[in-house]
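Below is one structure; the comments refer to it alone.
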Amino acid sequence: MEPERRYSLDALLDALGLPFDESVRVDDALLDEVFSLLTLAHELDAELDEHGRPLPPAEPPGPRVAEIAAGLGLERRGYPGGERFLVALTHDVDLLGVGGFPASLRRLAAGVVRRSAERLREGWAFLFDALARRDPAFPLERMGPPSTCFFLTRQDDPHDGYPKRYRPALPAALARTAADGRELGLHASYRARERAGQIAEEARPLADVQGLRHHYLRSDPERLAVELRAAGLRYDSSIGWASQPGLRAGTPYPYRLWDAERREPGAWELPFVLMDATLSEERYLGLDAARAYEVAVAALEPVAEHGGAVAILWHPPSHHPRLSRGYDRLYGRLLSWIDEQGGRTGTAAEVLDRWEARRR
């Protein structure tokens, strides 16, 4: 069996929690379809957005890999703890150190001059946080159960935010996050995909991290396995769409990235299906919290149905009670839904640990 089809068969058996068995018969056309989905070959001719990211197809693949795996007629193993599905809770920490009295006064003044209720609301929120010595961009105490927090270590592009504020606040934020029982991860910078070895350089200041997510989701899937191998990282969680929820690679399961240089499986990809910004921002769906809940549940239902393991992404400001427009409560509703449906949440590393335990 050639390496590409062996890779696809292994992914299908892994979806069922079964060890690799070359004697399992699968039609070559289906193996080729799985390989195309997991390597995102269907995106080679896709239109790109302003950030160089492939736009979603008119007909997204849905949980196609899960459907193919189910069609093999083999019994799928459950998770060791009896949970139905797994959801990694993740946070991209794009901003740090944005609060303080000057920032609050600037917003209050702008609200008065522009007669902007939104600016006034921000100004009062910043003022209350300044009095309590809290960073409104990183309300750690409100971010719920254990999660993975991805931090920037390089900010060379304007899309990477405000290094003069972020870098001085970073050491304390890392220490607080670790003390709070959360996993630390690398948030690879906006241009990290553009130079070989950049991910390894950016990961170095963060000791013992296991995974990464690309800022703006600007990964290079063709070279992702090679870059993760060079950096010594266990997983990536960048394969998802910014503009809509869903299963970009056609699978609700973690899978090994294809290492084209070695023609073998590489590090893990933990697909993410849902992002707060996708739901809330006007450039994407622009939904209020009530409607966003319906869309979020619809995105997670195929994961629950097929016993999947995925990540959801919530930016820390979306936990702020005065700034999130109800998205802090939406997050709580989603966690309750996951629990009611028999799911289990955890950090990205914990989810991968439980995923791998099925096969053992």
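The values are calculated or read from the model by the stated rules, or taken from the named source; none is laboratory data. Keep in mind the model is a prediction, meaning the values are calculated, not measured. Because the Cβ atoms are built from the backbone with ideal geometry, glycine has one as well, and the counts that use them run over all protein chains shown. The protein model used for the area step is the full one, side chains on, heavy atoms only, and it has no ligands, DNA or RNA in it. Shrake-Rupley method; radii C 1.70, N 1.55, O 1.52, S 1.80 Å.
Compute the label zone of Glu50 within the range 259-288: residues whose backbone N is under 15 Å from the point 7 Å along Cα-to-Cβ.
Of the residues in the range 259-288, 281-285 have backbone N under 15 Å from the label point off Glu50.
Only helical DSSP H runs with n ≥ 4 go in: add -39500 (n - 2.57) per run for the chain, normalise by residue count and round the 222 nm mean residue ellipticity to 500 deg cm²/dmol.
Counting only the DSSP helices, I get -12000 deg cm²/dmol.
Tell me the angle of helix 221-231 to the major Cα principal axis of the chain, expressed in degrees between 0 and 90 and rounded to the nearest ten.
80 degrees
Return the inverse of the average 1/r over all pairs of distinct C-alpha atoms in the chain, which is the Kirkwood hydrodynamic radius, in Å to one decimal.
21.1 Å
Mind giving me the FRET efficiency for Tyr162 and Asp220? R0 is 22 Å, r the Cβ-Cβ distance, nearest 0.05 is fine.
Once the sixth-power term is evaluated, E becomes 0.30.
Using just the Cα positions, wrap the range 200-255 in a convex hull and report its mean projected area in square nanometres, one decimal place.
Value for the range 200-255: 4.3 nm².
Helix 327-340 sits at what angle to the longest principal axis of the chain, using alpha carbons and giving 0 to 90 degrees rounded to 10?
30 degrees
Can you list the residues, at least 5 places off or on another chain, whose amide H is less than 5 Å from the amide H of Asp259, using H built in the peptide plane?
Glu264, Gly266
State the percentage of accessible surface on the range 262-360 attributable to carbon and sulfur atoms; use a 1.4 Å probe and exclude ligands, DNA and RNA.
Answer for the range 262-360: carbon and sulfur cover 42 percent of the accessible area.
Note the angle between two axes, namely the Cα long axis of helix 289-305 and the longest principal axis of the Cα atoms of the chain, as a number of degrees from 0 to 90, rounded to the nearest 10.
Between the helix axis and the principal axis of the chain, the angle is about 20 degrees.
Tally the DSSP beta bridges in the chain and give the antiparallel ones as a percent, rounded to 5. Kindly include the intermediate steps, with their values, before the conclusion.
On the way: 5 of 32 bridges.
Bridges in the chain are about 15 percent antiparallel.
Just to check I understand the Karplus step: with θ = phi - 60° and J = 6.51 cos²θ - 1.76 cosθ + 1.60, what whole-Hz values come out for the range 274-284, glycine and proline as x?
7, 9, 4, 5, 4, 6, 9, 6, 4, 6, 10
Rounded to the nearest whole Å², what accessible area per residue is found for the range 254-297 with the 1.4 Å probe?
42 Å²
Per residue, what volume in Å³ does the Cα convex hull of the range 239-319 take up?
107 Å³
Give the span of the range 139-292's Cα atoms along each principal axis, as three whole-Å numbers ordered largest to smallest.
45, 36, 31
Collect residues whose amide H, placed 1.01 Å from N in the peptide plane, falls under 5 Å from the amide H of Met275; neighbours closer than 5 in sequence don't count.
Leu313
Using modelled amide H (1.01 Å from N, peptide plane; none on Pro or chain starts), what sits under 5 Å from the amide H of Ala309, excluding residues fewer than 5 places away?
Long-range HN contacts for Ala309: Leu86, Tyr253.
Using the beta-carbon distance between Ser23 and Arg133 and R0 = 45 Å, what value does 1/(1 + (r/R0)^6) give for FRET efficiency, to the nearest 0.05?
So, using R0 = 45 Å, E works out to roughly 0.10.
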